[in-house]
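S.K.: Sending over a structure as structure tokens; questions will come in a sec.
The values are calculated or read from the model by the stated rules, or taken from the named source; none is laboratory data. The model shown is predicted, which means the values in this text are computed figures rather than measured ones. FYI the Cβ positions are ideal-geometry reconstructions off the backbone, even for glycines, and counts take in every protein chain you see. The area values use the complete protein model at the heavy-atom level, side chains included, leaving out ligands, DNA and RNA. Shrake-Rupley method; radii C 1.70, N 1.55, O 1.52, S 1.80 Å.
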Amino acid sequence: MDPMNRPMSPLLASLLRLSREPYQYHDDEAVHVGLTRQPSAYMNWLMDALRQIASGRASLELPPKTVFADPGERSDFRVMPCVVRFPDRVRKTVKIVGTNWPRRIVPGEISVGKAFALNASENFIEAGFAACLLSSARTGACAAAALDLLARRRDTVAIVGAGRVGYYAALYAQALGGISRILFADRNAERAGTAASLIATVDSSLETGTFTLDDASVRPDILILATDSEAPVFDACQWHPDLVISVGADTHWQREIAAGILDHYDVFVDTPDSCLHGDLARFMNAGRLDRSEVTDLQTVLTSPAVRAERPAVFVSTGSALFDNLTIDYLLEAGFRPGTL
């Protein structure tokens, strides 16, 4: 008999006292269905949770994410823990996610890995989630949350990048209401058209379409950048949207916004961790930006007046907080038909 398949003796089993840890796994398709069945319910859940944290009704433990870069490569993996203690429950999560630049073994996904929910009292892993669409959806929802809190006008939203994040950002932005037009731009014009067509099926009253970055006629109220660009996509010499949301430049080699915008835009982030990566880290290291000049969403929620008269740029480089709140939604409501 193969020693690896030999059953454990009852005597040894009694000594080792092994117990099965209850566990359920949710793949990308299940995560997508759970987060898109009722987009407005998901956004309401996120915004309510953020307000609970800001008001002190819920407490937050959010260490900076740890990034392990592959030397000389455009790839890394990140460990992203978070604990939120609500009045009626505790949500413990950790995500281990990789940037899959080579994309040879897993060709379709630049974000790979898993997220986990731990049992609140006994700390075993009770649920696992494919991280690709969870990460994309929560990033799109983060962009929509910034839009909800920072936008002074929201009639027209232009999105650069018609991939997963761009699609989810549009889906959750329209769920907020008050938007009449959503436009997409992408290096792949066909993909931009596909994203516009898909969003049009969600809300027939919504005008959708495509644009190009050199189209002088485009004057959006809000510009969302959801790219993997290596050069800045937006600077202050282009159109002047009231709110620019950058959610694509989360590595040392990506760029979405130019330093020149700092002369014209106030800077906001989802959590302080976003100052440690991407464009903002680059600006700070160059002495162009100081941490005291950056406002996070918790401050916006407690002191709405911090949204000044100047236009705003919002930057997220990926937040374990939005992972946590998204997993909380999925486990409490998103996977349970009839609970919302």
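S.K.: Restricting to segment 91-125, give me the number of residues that are touching a helix residue (DSSP H, G or I) at 6+ places or on another chain (Cβ under 9 Å) and either among the basic types (Lys, Arg) or under 17 Å from TYR329 (Cα atoms) (or both).
M.R.: 9
S.K.: Looking at (1) buried (at least 17 other Cβ atoms within 10 Å of the Cβ); (2) in contact with a strand residue (DSSP E or B) (Cβ under 6 Å, 6 or more places away or on another chain), find the lone condition where PHE283 falls short.
M.R.: (2)
S.K.: OK, next. GLU190 - would you say it is within 20 Å of ILE110 (Cβ to Cβ), touching a Gly at 6+ places or on another chain (Cβ under 6 Å), at pLDDT 95 or above and among the acidic types (Asp, Glu)?
M.R.: So GLU190 does not fit the description; no.
S.K.: Here's another thing I want to ask about it. Considering only residues that are more than 18 Å from GLU256 (Cα to Cα) and among the basic types (Lys, Arg), look in segment 163-194 and name the one that is most open to solvent (accessible area, probe 1.4 Å).
M.R.: Among residues in segment 163-194 that are more than 18 Å from GLU256 (Cα to Cα) and among the basic types (Lys, Arg), the one most open to solvent (accessible area, probe 1.4 Å) is ARG191.
S.K.: Could you please give the count of residues in segment 2-51 that are over 30 Å from PRO304 (Cβ atoms), touching a Gly at 6+ places or on another chain (Cβ under 9 Å), part of a helix (DSSP H, G or I) and not β-branched (Val, Ile, Thr)? Lay out the reasoning, then the answer.
M.R.: Applying the first criterion (over 30 Å from PRO304 (Cβ atoms)) to segment 2-51 yields 2-34, 37.
Then keep just the ones that are touching a Gly at 6+ places or on another chain (Cβ under 9 Å); that gives 23-26, 31, 33-34, 37.
If we keep only those that are part of a helix (DSSP H, G or I) too, we end up with 31, 33-34.
Right, trim to not β-branched (Val, Ile, Thr) and you get 34.
Residues flagged as over 30 Å from PRO304 (Cβ atoms), touching a Gly at 6+ places or on another chain (Cβ under 9 Å), part of a helix (DSSP H, G or I) and not β-branched (Val, Ile, Thr) within segment 2-51 amount to 1.
S.K.: Right, ALA151: under 16 Å from the mean Cα position of the chain (by Cα) and not β-branched (Val, Ile, Thr) or not?
M.R.: Values: under 16 Å from the mean Cα position of the chain (by Cα): no; not β-branched (Val, Ile, Thr): yes.
Judged against the criteria, ALA151 is not a match.
S.K.: Might you let me know whether segment 292-313 holds any residue that is within 21 Å of LYS65 (Cβ to Cβ), of a type in the set (A, V, I, L, M, F, W, C) and open to solvent by 30 Å² or more (accessible area, probe 1.4 Å)?
M.R.: No, there is no match, as no residue in segment 292-313 is within 21 Å of LYS65 (Cβ to Cβ), of a type in the set (A, V, I, L, M, F, W, C) and open to solvent by 30 Å² or more (accessible area, probe 1.4 Å).
S.K.: Also: Which residues, counting only those in segment 65-80, are touching a strand residue (DSSP E or B) at 6+ places or on another chain (Cβ under 9 Å) and not charged (D, E, K, R)?
M.R.: THR66, VAL67, PHE68, ALA69, SER75, PHE77, VAL79, MET80
S.K.: Which number in (1) surrounded by fewer than 23 Cβ atoms within 10 Å (Cβ to Cβ); (2) touching a strand residue (DSSP E or B) at 6+ places or on another chain (Cβ under 9 Å); (3) small (Gly, Ala, Ser) marks the one condition that ALA151 misses?
M.R.: (1)
S.K.: Quick one: THR317 ticks every box in (1) surrounded by fewer than 17 Cβ atoms within 10 Å (Cβ to Cβ); (2) closer than 21 Å to LYS65 by Cα bar one, so which box is it?
M.R.: Going through (1) surrounded by fewer than 17 Cβ atoms within 10 Å (Cβ to Cβ); (2) closer than 21 Å to LYS65 by Cα one by one, THR317 breaks only (1).
S.K.: Of the residues in segment 275-327, how many are part of a loop (DSSP other than H, G, I, E, B), farther than 20 Å from VAL97 by Cβ, touching a residue at least 12 places away in the same chain (Cβ under 8 Å) and not aliphatic (A, V, I, L, M)?
M.R.: The qualifying residues number 4.
S.K.: On the given criteria, is ARG74 over 24 Å from ALA146 (Cα atoms) and without any contact (Cβ under 8 Å) to a residue 60 or more places away in the chain?
M.R.: So ARG74 fails the test.
S.K.: Still on this model: Of everything in segment 52-79, what is charged (D, E, K, R) and either open to solvent by 80 Å² or more (accessible area, probe 1.4 Å) or assigned to a strand (DSSP E or B) (or both)? Give them in sequence order.
M.R.: Answer for segment 52-79, where residues must be charged (D, E, K, R) and either open to solvent by 80 Å² or more (accessible area, probe 1.4 Å) or assigned to a strand (DSSP E or B) (or both): ARG57, GLU61, GLU73, ARG74, ASP76, ARG78.
S.K.: State all residues of segment 148-168 that are in a loop (DSSP other than H, G, I, E, B) and of a type outside the set (A, V, I, L, M, F, W, C); if no residue qualifies, say none. Outline the logic, then answer.
M.R.: Step one: list which residues in segment 148-168 are in a loop (DSSP other than H, G, I, E, B), which gives 151-155, 161-163.
Once the filter is applied, which keeps residues that are in a loop (DSSP other than H, G, I, E, B) and of a type outside the set (A, V, I, L, M, F, W, C), segment 148-168 yields ARG152, ARG153, ARG154, ASP155, GLY161, GLY163.
S.K.: If you don't mind, another one. Provide a single number: the residues in segment 18-45 that are of a type in the set (A, V, I, L, M), open to solvent by 60 Å² or more (accessible area, probe 1.4 Å) and closer than 16 Å to SER135 by Cα. Even if it seems obvious, please write down each step before you answer.
M.R.: Residues of segment 18-45 that are of a type in the set (A, V, I, L, M), as a first pass: 18, 30-31, 33, 35, 41, 43.
Add one more test, that the residue is open to solvent by 60 Å² or more (accessible area, probe 1.4 Å), and what stays is 18, 33.
When the remaining residues are screened for being closer than 16 Å to SER135 by Cα, the result is 33.
Residues flagged as of a type in the set (A, V, I, L, M), open to solvent by 60 Å² or more (accessible area, probe 1.4 Å) and closer than 16 Å to SER135 by Cα within segment 18-45 amount to 1.
S.K.: Then there is this: For residues in segment 90-133 being closer than 30 Å to SER19 by Cα and not in a strand (DSSP E or B), which is least open to solvent (accessible area, probe 1.4 Å)?
M.R.: Looking at residues that are closer than 30 Å to SER19 by Cα and not in a strand (DSSP E or B), I get ALA131.
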